[in-house]
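Participant: First, the structure itself, so that you have it in front of you.
The values are calculated or read from the model by the stated rules, or taken from the named source; none is laboratory data. Computed from a predicted model, the values in this text were never measured in an experiment. Cβ coordinates were reconstructed from backbone atoms using ideal geometry, including for glycine residues, and neighbour counts include every protein chain displayed. Calculation scope for accessible area: heavy atoms of the full protein, side chains included, ligands and nucleic acids excluded. Shrake-Rupley method; radii C 1.70, N 1.55, O 1.52, S 1.80 Å.
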Amino acid sequence: MSKNYNVFVYGTLMKGFDGYKKYMCKGNYITEGSLKGIMYHTGSGYPAVIYNTKKGGEVSGELYSVDENLMKDLRRYEGIGSLLTCYEEKLVKIQTKDGDIPARVFVVSPFWKNLIKLSGVLVSNGDWKKFVTAPPKKAWQTIAPAILFFVSFIFVFQIIFKITG
């Protein structure tokens, strides 16, 4: 018998996005929910959430049940196990209309936290769908996060090469 996981998604894996069409449509939708955290737009077309139960606001998303094979695919999609990903997998409590439900979520790892804060654009309402459908911003507001994110990667590669050197 295959193991099932509850997974909370808050960005490009939600309904209406490409990640949903490729992955989450294979899972079983449970309900809408939220977690405590701070959402940033990375400048690369997807969000990243810093999980923070004390200082975080509400991050909206969708809760699914997925089988072991889909969970492996999601870990691969999020880059879990790679040095180049900003995500880690965490088991957290998701607030739903029916109470708290434990679920796995991909959030910013401690190593990347400061870089995401520096290079990302705060999504103050914690709602990725509303953020991406909001009126367009000025050109510099769109380009600046991407440039900062690129510079961050260069910085990280320099650190890695100095360590492994």
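Participant: Condition check: open to solvent by 70 Å² or more (accessible area, probe 1.4 Å) and of a type in the set (A, V, I, L, M). Does LEU35 satisfy that?
Facilitator: no
Participant: Based on this model, can you work out whether PHE155 counts as out of contact with any strand residue (DSSP E or B) (no Cβ under 6 Å at 6 or more places or on another chain), open to solvent by 30 Å² or more (accessible area, probe 1.4 Å) and at pLDDT below 90?
Facilitator: Considered against the rule, which asks whether it is out of contact with any strand residue (DSSP E or B) (no Cβ under 6 Å at 6 or more places or on another chain), open to solvent by 30 Å² or more (accessible area, probe 1.4 Å) and at pLDDT below 90, PHE155 comes out as yes.
Participant: Which residues, taken from segment 58-71, are acidic (Asp, Glu) and crowded, with 19+ Cβ neighbours inside 10 Å?
Facilitator: Across segment 58-71, the qualifying residue is only GLU62.
Participant: Still on this structure, please answer the following. Do you know which of the residues in segment 100-128 that are at pLDDT 95 or above and charged (D, E, K, R) is surrounded by the fewest Cβ atoms within 10 Å (Cβ to Cβ)?
Facilitator: ASP100
One line per residue, one yes/no per condition, for (1) over 28 Å from GLY99 (Cβ atoms); (2) not basic (Lys, Arg):
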site: THR12; (1), (2): no, yes
site: LYS15; (1), (2): no, no
site: GLU32; (1), (2): no, yes
site: LEU35; (1), (2): no, yes
site: ASN52; (1), (2): no, yes
site: GLY79; (1), (2): yes, yes
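Participant: Same structure again: Could you tell me whether ILE143 is open to solvent by less than 50 Å² (accessible area, probe 1.4 Å), over 17 Å from MET39 (Cβ atoms) and either modelled with pLDDT under 90 or more than 15 Å from the chain's Cα centre (by Cα) (or both)?
Facilitator: In short, no.
Participant: Among the residues of segment 13-32 satisfying the criterion of being touching a residue at least 60 places away in the same chain (Cβ under 8 Å) and open to solvent by less than 30 Å² (accessible area, probe 1.4 Å), which is nearest to GLU89 (Cα to Cα)?
Facilitator: Across segment 13-32, the extreme among qualifying residues is LEU13.
A quick yes/no check of all residues on (1) in contact with a helix residue (DSSP H, G or I) (Cβ under 8 Å, 6 or more places away or on another chain); (2) aliphatic (A, V, I, L, M); (3) open to solvent by less than 20 Å² (accessible area, probe 1.4 Å):
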position	(1), (2), (3)
SER44	yes, no, no
VAL49	no, yes, yes
ASN52	no, no, no
GLY56	no, no, yes
ASP73	no, no, no
TYR77	yes, no, no
CYS86	yes, no, yes
LEU91	no, yes, no
ASP98	no, no, no
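Participant: In segment 47-75, how many residues are among the basic types (Lys, Arg) and either in a strand (DSSP E or B) or more than 19 Å from THR85 (Cβ to Cβ) (or both)?
Facilitator: 2
Participant: When TYR20 is evaluated against the numbered criteria (1) among the aromatic types (Phe, Trp, Tyr); (2) within 21 Å of VAL132 (Cα to Cα); (3) assigned to a strand (DSSP E or B), which criterion, by number, is the only one it fails?
Facilitator: Here TYR20 meets the rest and fails (3).
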